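The values are calculated or read from the model by the stated rules, or taken from the named source; none is laboratory data. All values derive from a computational prediction rather than experimental measurement. Cβ: placed from backbone, ideal geometry, glycine included. Neighbour counts: every protein chain shown. What goes into the accessible areas is simple: the full protein's heavy atoms, side chains included, and nothing from ligands, DNA or RNA. Shrake-Rupley method; radii C 1.70, N 1.55, O 1.52, S 1.80 Å.
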Amino acid sequence: MTGHDPHLRTPSGKPRARAFAIPFDGMPGPFNAITDVAGVTVGYTTLISGDGALVVGKGPVRSGVTTILPRPKGELAVPVFAGMFSGNGDGELTGSHLIDELGAFNFPVTITNTHSCGVSRDATLRWMQKTLPQSLDSAWALPVAGETYDGFLNDINGHHLSFEHVFSALDEAKGGPIEEGSIGGGTGMISFGFKAGSGTSSRYVEWYGERFTIGCFVQSNFGARRNLVVRGIRAGAELAEPAIRDNTPRAEKSSIIAVVATDAPFMPHQMKRLAKRVPLGVALTGGYGYNTSGDIFLAFSTANPDAARGVPGKLASAGYIPDVDIDLFFDAVVQSVEEAVLNALVANDDMTGRDGNFVPALPKEWLRERFG
């Protein structure tokens with residue numbers, strides 16, 4: 001711990017959206033992060049090296065990988081009930097067909113750049129075989145790996161992410177307050193023409209005397225500057241400057257991957273319903289799901305582990321919150337996604353990458369003037 005209020009600053013001291021008195025709906029958990037869901041941990045490996053002209057295979061490098069472990073390491077073979085939703089399918093989330101079929105997945109989730117998605121997936125299998133060899137002794141696995149495109153700033157065709165980088169992010173995954181901004185898989189990402197990347201948030205949900213948590217993590221790499229909205233303020237027109245400097249052509253290749261976690265007991269069809277509410281939070285920030293935007297969303301519940309695991313020859317029993325009471329959880333998903341995207345923008349700095357391409361940070365002075 002660094003002594004920072006985790007609602008206001010990241011562990012390294014970067015400001016979060018609440019540091020500028022931006023008002024949000026709902027009640028966040030103690031870390032305002034996906035790690036407020038007990039047992040969920042997050043790890044990063046960040047790759048930043050080189051400057052100047054692109055030399056494929058050498059750099060400059062502005063990339064990395066993020067790992068999200070849905071259960072403690074010793075329990076990663078135990079499935080979690082899950083659902084996914086493709087708001088716009090111009091992207092990849094491996095294992096999605098299995099999730100649609102079975103309503104569950106196991107093993108860690110990884111998020112990286114588009115051309116390293118296979119590396120992070122395969123590295124997860126190797127890491128699991130080393131960490132929990134019994135989980136693969138007589139079984140197959142389809143790990144979940146997502147991607148967004150960082151080729152404007154990064155030597156994406158240089159394939160700089162290695163198995164060892166993924167292993168490190170998996171080994172170092174932790175709970176508590178986590179970093180945001182240009183870190184892990186989000187290192188080279190852009191949203192609304194500003195530097196973005198990794199962001200997170202959480203909400204408590206009170207349900208008939210019980211308290212549950214919804215946590216969200218985004219790898220944010222979407223949106224046109226003209227559409228940016230900050231808590232209802234159409235900010236795009238006011239923030240035409242500072243502009244991106246593109247020394248190489250910048251085609252629109254945007255995406256957002258969001259992972260929603262909860263400790264609330266829900267069945268797989270309900271997890272898909274939660275995932276379907278993620279685009280509403282994205283839309284509150286000005287995301288319209290444009291043609292090349294891979295908007296793919298995953299939701300999972302850490303509850304009901306015995307039912308999710310299943311035992312041959314025995315009936316499985318699972319408790320779950322009925323659909324008639326799900327609206328409060330929909331609220332929490334939308335609220336946490338909106339804040340996670342804004343946190344990814346706020347906890348950031350200017351970045352220069354390949355060929356001198358430059359992406360500015362969201363101006364902090366504008367936030368102070370608008371919100372205090």
Pick from Gly181, Gly57, Gly215: which is most flexible by mean-square fluctuation in a GNM of the chain where alpha carbon atoms under 10 Å apart are linked?
Gly57
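Can you give the Kirkwood hydrodynamic radius of the range 1-149 from its Cα pairs, in Å with one decimal?
When all Cα pairs of the range 1-149 are included, the Kirkwood radius is 17.8 Å.
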Please find, in a Gaussian network model of the chain (springs between Cα atoms separated by less than 10 Å), the residue of Trp140, Trp127, Trp207 whose mean-square fluctuation is greatest.
Trp140
Need the list of lysines near Lys364 for cross-linking: C-alpha distance under 17 angstrom, and skip anything on the same chain fewer than eight residues off.
Lys14, Lys195
Using a 1.4 Å probe on the protein heavy atoms only, what accessible surface does Val119 show? Give it in Å² to the nearest 10.
40 Å²
What aspartates and glutamates could a cross-link reach from Lys73, if we take a straight Cα to Cα line under 12 Å and drop same-chain neighbours fewer than 8 places away?
Asp171, Glu172
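Please report, as a whole percent, how much of the solvent-accessible surface of the range 10-137 comes from carbon and sulfur atoms (probe radius 1.4 Å). Write down the numbers at each step before the final one.
Numbers: 2590 of 4850 Å².
The computed percentage sits at 53.
Quick one: pull the percent of accessible area on the range 210-297 belonging to carbon and sulfur, 1.4 Å probe, ligands and nucleic acids left out.
Details: 1800 of 3440 Å².
Here carbon and sulfur together make up 52 percent of the probe-accessible area.
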Given charges of +1 on the Cβ of Lys and Arg and -1 on the Cβ of Asp and Glu, with all other atoms neutral, how large is the dipole of the range 115-252 about its Cα centre, in debye to the nearest 20?
380 debye
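From the C-alpha coordinates alone, can you work out the Kirkwood hydrodynamic radius of the range 185-229, in Å?
On the way: mean 1/r = 0.0811 Å⁻¹.
After inverting the pairwise mean of 1/r, the radius is 12.3 Å.
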Determine the calculated [θ] at 222 nm for the chain from helices alone, applying -39500 (n - 2.57) to every DSSP H run no shorter than 4 residues and normalising by the residue count; nearest 500 deg cm²/dmol.
-6500 deg cm²/dmol
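Any idea what the dipole of the chain comes to, in debye rounded to 20, about its Cα centre with Lys/Arg Cβ at +1 and Asp/Glu Cβ at -1?
Working: 32 positive and 39 negative charges, 50 e Å.
Roughly 240 debye for the chain.
Considering only the other residues whose Cβ falls under 12 Å of the Cβ of Thr94, what net charge follows from Lys and Arg at +1 and Asp and Glu at -1?
Values: positive: Arg121; negative: Glu92, Asp122, Glu147.
Here the count lands on -2.
Taking the radius of gyration and the Kirkwood hydrodynamic radius from Cα positions alone, what is the Rg/Rh ratio for the range 48-102, to two decimal places?
Numbers: Rg = 17.5 Å, Rh = 15.1 Å.
Answer for the range 48-102: 1.16.
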To make sure I understand the rule: partners must be aspartates and glutamates, Cα under 19 Å from the Cα of Lys314, and not fewer than 8 residues away in the same chain. Which ones qualify?
Asp306
Give me the log10 of I(q) over I(0) for the range 270-372 at q = 0.11, 0.13, 0.17, 0.25 Å⁻¹, as the Debye formula computes it from C-alpha points; what are the numbers?
-0.57, -0.71, -0.97, -1.32
Ranking by accessible area, most exposed first, for Asp36, Asp100, Asp155 with a 1.4 Å probe:
Asp100, Asp36, Asp155
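Expressed in nm², what is the orientationally averaged projection area of the convex hull enclosing the Cα positions of the range 106-233?
Numbers: hull surface 43.8 nm².
Result: a mean projected hull area of 11.0 nm².
For the chain, state the average projected area of the convex hull of the C-alpha atoms over all orientations, rounded to one decimal in nm². Before the final figure, lay out the partial values.
Details: hull surface 71.1 nm².
If I average the Cα hull's projected area over directions, I get 17.8 nm².
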Mind checking which of Thr213, Gly186, Ile233 is farthest towards the positive end of the range 161-258's charge dipole, using Cβ charges of +1 (Lys, Arg) and -1 (Asp, Glu) about the Cα centre?
Ile233
May I ask you to give the solvent-accessible area per residue for the chain, in square angstrom, as obtained with a 1.4 angstrom probe?
39 Å²
